[in-house]
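To start, the structure under review is shown below, and the notes come after it.
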Amino acid sequence: MTQEPDKKPKLSLEEQITNVVLKTLMIGGVGAGGGGALWQLFIVSDIPKAIASAVIGAGISYGAKMLMPIHKRNEERAEQLGKAVNQGMDRLGEAVAAKVTAVEDRYFDAQAADCELCKTEGFGKIEGIATLMLEDVFVRLRLNLNMGMAGFRNEQRIAKRLLNDRDFNPEDFTVDIWQLLAKAKSDPIYRQIAILAWGGYGKTTLLRHVAYLLSRNKQGQNVPRFIPVLLLLRKYRDLLTQENPEDLPTIIEKYHIPSLNNNLQMPTNWGRDLLNKGKMLIMLDGFDEVPKLQRPLVAKWLNTQMRNYPKSVFILTSRPKAYTEQGFTDSLDLKSVFNLQPFAPEQIREFVEKWYWAQEFYSFGKTDSPAIRREAELSAKDLLQQISKRDELQKLASNPLLLTMIARFHRCYPSAELPKRRADLYEEICKLQLKDRVEARQLQTVLTDEAQIILQMLALEMMLQKEERIDRETLLERFKVYLAEQEDAINATEFLIQIEQISELLVQREVDEFEFSHLSFQEFLAAMEIIRTNQESILYEHFTEDWWKQVILLYVSKFKKPSILIKTALDAGAIDLALACTQETRKQIDANVKKDLQALGEQRQLQAVEIEVKNSLYQQLEEYLKNQQWYEADQETWKLMLKLTEREEEGSVREEDIKNFPCEDLLTLDRLWMEYSKKHGFEFGFSIQKDIYVECGGILDFSLPSGETWDKFCDRTAWKSEGKWVSYPQPFFENNFMSIKGHLPFMRVRVAVEFEFAHSSFKEFFTAMEAVEGGFQDLSSFRDIVWRSEGVLLFSHLDL
């Protein structure tokens, strides 16, 4: 058995230190010479190791005290070094931040410069009319929540949120774009907004103004300073519809930024980082300007970007038709949908006064004096007086584009009477652009009197081909043919140059790609070409196409004998179009009869056709009532009200629409409801509701009833049960409610929450019924009633 070696005893800490020090000294550490001699003495004298340990331990203790000042000094040096490094890092961070901020400031400047001028599509430069700064003339536009497009739950949420907004206007349920942007950071429902409006309502101008104010940091205290990106979809439609389209950050950095400033270089991933942080506002203008076949792919791309960057804000503009006609699988998925409202009278006044002041200010070399302001005030007053005297002009002026056209016409012809109809206004603008301004400026031009005819030929061909823009090569080929047909020796290229530079009715928005300055000019010129060439039959093939609707309406407005086309449309089953045509021509014929006795025969034919149109118009409602399809009948009643007030496209009615609601049609609606409900054992109709309202204490004097009166009325008609609204359509149409007298038709304001002021709309209807039943022999007197309600209270169905 082998003997295990003795285990070495565990050394104490001091012994271990002593050994380390000994080794250090023996290999020539600090004081190696003296230390080594001393150690030799220790060995010779055989000093116990413990004493050596104690002595060394004491030495370490004294050494530590000796080294402490050095240690402290080193700590101070380290602290100073840390502070220096920290300050250096701060300066470096500040330098990087300053560099980024400087680059972003350059971006803001570039985006602001792109949006600062008031560029109204459809207008070029005219002698005596200045190009204004957008900020000088912009009038804040109002947005109205679109019930039925964003989904009911979203509508309810938005409505309830807006009710708590002190700037929210409950009378017409409108908001300002800045109210929505102020909430976008905290509420995701405001991060995806669709703004819908028809041509000329100011969709592009609104986005340009938002981009400008954000770029200049003038957005207001409660709105974050988003970095605005304004993308015109017509410019990017081909990129977005490729097989593998580039994403939004790439589009911004690769295409958008260079379009603003070619020398502007942003940091790597600048756009992506800001999108992820929710610091960008992406504005996509003109979904309707994307060809119909490309819209599903553009919608798919946009939906993907919104999912990828949920913290950033997206705003899309479009005409309503393009937005609503998408299929379910490829539809845009925006959380909030708003309608851009037409100008109210106070907005018309504000715009005209601003516009005339700016014109005088710039025409006098940017001089603002009492005399110049007085000149502007007199001109604005004259224009506003002309507008206020005629309902037709007031309707035209509610469209910002047409109001701008009216203002420009008024400034060019200060003593002339304003055109009273839309078609007449377009006609005068074309005359101004092609002839009058050329003569006034004594321009040297190859354009002849046939210039408008050439443009008419082009416009009609583009309508037939469903084109909104055309490439240079195709355009020149067509001009060659048109000029030859007119036996005009002008060179096609020279004709294009002068049409673009002098008339500016045809413009080049992209390289070698042309379009009419506004689609409405293309539609008007196409209508005029059909009249010139007597090709009305072309329109017969397009009665059901929305693309042709405005051409048809402009045609009947200018053609002296429109009754044949209206009758043909009616026979073809295009009842809504026939109604719109009768509404368009009624003013024309009424005006012409006073001047032209030959128009009397056409007026009689139109009146006969209008009766046929109205009879056809009510056939569907009558069918629903006959078959006891009460829900469908209720919905059809509302649709008819929109058609009869020419508000179908907007989907809502205003106070003036209620004021001018045709009393013949009000009586017809009431008669149909009363007649067919009685046959089926019910008692429905407006006049029945009016009687109930009076029995509940309502007074037909246009004053608002008390809450008690309103609650009684709602209880009597079973619109409310136990103080709460009955949900529509179910159980609203269940038997226990349907048996109640006056339960239908159900007319509610368009708000998706309970408003106590909703009853005003009904009072207006009931008072109208009282006026008609009171025996007005001249039904037009109905329109002279003074309507005094608290704001604009709209009719609508409410799907609760």
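The values are calculated or read from the model by the stated rules, or taken from the named source; none is laboratory data. This is a predicted model, so every value here is computed, not measured. We place every Cβ from the backbone using ideal geometry, glycine too, and count neighbours over all the protein chains shown. Surface accessibility is based on the protein's heavy atoms, side chains included, excluding ligands, DNA and RNA. Shrake-Rupley method; radii C 1.70, N 1.55, O 1.52, S 1.80 Å.
For (1) modelled with pLDDT of 90 or more; (2) part of a helix (DSSP H, G or I); (3) open to solvent by less than 50 Å² (accessible area, probe 1.4 Å); (4) more than 22 Å from Lys639 (Cβ to Cβ), each residue gets a yes or a no:
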{"position": "Ser727", "(1), (2), (3), (4)": "no, no, yes, no"}
{"position": "Phe757", "(1), (2), (3), (4)": "no, yes, no, yes"}
{"position": "Trp787", "(1), (2), (3), (4)": "no, no, yes, yes"}
{"position": "Gly791", "(1), (2), (3), (4)": "no, no, yes, yes"}
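Only one of Lys218, Lys183 is among the basic types (Lys, Arg), open to solvent by 40 Å² or more (accessible area, probe 1.4 Å), within 19 Å of the chain's Cα centre (by Cα) and modelled with pLDDT of 90 or more. Can you tell me which?
On inspection, the qualifying residue turns out to be Lys183.
Give the residues of region 240-253 that are at pLDDT 95 or above and surrounded by fewer than 18 Cβ atoms within 10 Å (Cβ to Cβ), sorted by residue number.
Those that are at pLDDT 95 or above and surrounded by fewer than 18 Cβ atoms within 10 Å (Cβ to Cβ): Glu246, Asp247, Thr250.
Which condition does Asp176 not pass, out of (1) touching a Lys or Arg at 6+ places or on another chain (Cβ under 7 Å); (2) buried (at least 21 other Cβ atoms within 10 Å of the Cβ), if it passes all the others?
In the conditions (1) touching a Lys or Arg at 6+ places or on another chain (Cβ under 7 Å); (2) buried (at least 21 other Cβ atoms within 10 Å of the Cβ), Asp176 misses (2) alone.
Residues of region 270-310 being under 18 Å from Ile195 (Cα atoms) and of a type in the set (Asp, Glu), which ones?
Across region 270-310, the qualifying residues are Asp285, Asp288, Glu289.
Would you please list the contacts, defined by Cβ atoms under 8 Å and residues six or more apart or on different chains, that run from a residue in region 392-407 that is in contact (Cβ under 8 Å) with a residue 60 or more places away in the chain to a residue that is open to solvent by 20 Å² or more (accessible area, probe 1.4 Å) and basic (Lys, Arg)?
Qualifying pairs under 8 Å: Glu392/Lys420; Glu392/Arg421; Glu392/Lys587; Leu402/Arg422.
How many residues, within region 596-646, are of a type in the set (Asp, Glu) and in contact (Cβ under 8 Å) with a residue 24 or more places away in the chain?
Of the residues in that region, 6 qualify.
Go through (1) over 22 Å from the mean Cα position of the chain (by Cα); (2) farther than 21 Å from Asp333 by Cβ for Val223 and report which single condition fails.
Checking Val223 against (1) over 22 Å from the mean Cα position of the chain (by Cα); (2) farther than 21 Å from Asp333 by Cβ, the one that fails is (1).
So which residues in region 667-707 are of a type in the set (Phe, Trp, Tyr) and either in a helix (DSSP H, G or I) or surrounded by fewer than 21 Cβ atoms within 10 Å (Cβ to Cβ) (or both)?
Passing the criteria: Trp673, Tyr676, Phe686, Tyr693, Phe702.
Might you let me know whether region 199-211 holds any residue that is within 30 Å of Thr404 (Cα to Cα), in contact with a His (Cβ under 8 Å, 6 or more places away or on another chain) and in contact (Cβ under 8 Å) with a residue 40 or more places away in the chain?
yes
Sort out which residues of region 183-205 are over 23 Å from Asn303 (Cα atoms) and either in contact with a Gly (Cβ under 9 Å, 6 or more places away or on another chain) or aliphatic (A, V, I, L, M) (or both), and write them in order of number.
If the condition is that a residue be over 23 Å from Asn303 (Cα atoms) and either in contact with a Gly (Cβ under 9 Å, 6 or more places away or on another chain) or aliphatic (A, V, I, L, M) (or both), then Gly200 is the only one that fits.
Working only within region 292-316, note down all residues that are open to solvent by 30 Å² or more (accessible area, probe 1.4 Å) and aliphatic (A, V, I, L, M). Explain how you work it out, then say what you get.
To start, the set of residues in region 292-316 that are open to solvent by 30 Å² or more (accessible area, probe 1.4 Å) comprises 292-297, 300, 304, 307-308, 310-311.
If the condition is that a residue be open to solvent by 30 Å² or more (accessible area, probe 1.4 Å) and aliphatic (A, V, I, L, M), then Leu293, Leu297 are the ones that fit.
Can you name every residue in region 656-665 that is surrounded by fewer than 21 Cβ atoms within 10 Å (Cβ to Cβ) and assigned to a helix (DSSP H, G or I)?
Glu656, Asp657, Lys659, Cys663, Glu664, Asp665
Which count do you get for residues in region 618-648 that are assigned to a helix (DSSP H, G or I), closer than 29 Å to Asn735 by Cα and open to solvent by 10 Å² or more (accessible area, probe 1.4 Å)?
Matching residues across region 618-648 total 14.
Quick one: which helices (runs of 4 or more DSSP H) lie wholly within region 453-536 and hold at least 1 residues that are at pLDDT below 95 and open to solvent by 40 Å² or more (accessible area, probe 1.4 Å)?
Passing ranges, in order: 472-485, 492-498.
Looking only at region 214-250, count how many residues are among the aliphatic types (A, V, I, L, M) and closer than 14 Å to Met280 by Cα.
7
If His542 meets every condition in (1) exposed (fewer than 15 other Cβ atoms within 10 Å of the Cβ); (2) without any contact (Cβ under 8 Å) to a residue 12 or more places away in the chain apart from one, which number is that one?
(1)
Might you check whether a residue that is assigned to a strand (DSSP E or B) and within 24 Å of Ala113 (Cα to Cα) occurs anywhere in region 305-313?
Yes, the conditions are met somewhere in region 305-313.
Which count do you get for residues in region 402-428 that are at pLDDT below 85 and open to solvent by less than 40 Å² (accessible area, probe 1.4 Å)?
Going through region 402-428 one residue at a time, the tally reaches 1.
Working carefully through the options Val749, Val753, find the one that is at pLDDT below 65, hydrophobic (A, V, I, L, M, F, W, C) and open to solvent by 10 Å² or more (accessible area, probe 1.4 Å).
Val753
So Lys321 fits all but one of (1) open to solvent by 70 Å² or more (accessible area, probe 1.4 Å); (2) without any contact (Cβ under 8 Å) to a residue 60 or more places away in the chain; (3) under 16 Å from the mean Cα position of the chain (by Cα); what number is the exception?
Lys321 satisfies all of (1) open to solvent by 70 Å² or more (accessible area, probe 1.4 Å); (2) without any contact (Cβ under 8 Å) to a residue 60 or more places away in the chain; (3) under 16 Å from the mean Cα position of the chain (by Cα) except (2).
Quick check on region 708-725. Is at least one of its residues over 17 Å from Asp657 (Cβ atoms), at pLDDT below 55, open to solvent by less than 10 Å² (accessible area, probe 1.4 Å) and among the small types (Gly, Ala, Ser)?
No: zero hits.
Quick one: count up the residues across region 267-288 that are open to solvent by 30 Å² or more (accessible area, probe 1.4 Å) and either in a strand (DSSP E or B) or farther than 25 Å from Thr204 by Cβ (or both).
Residues that pass the stated criteria total 7.
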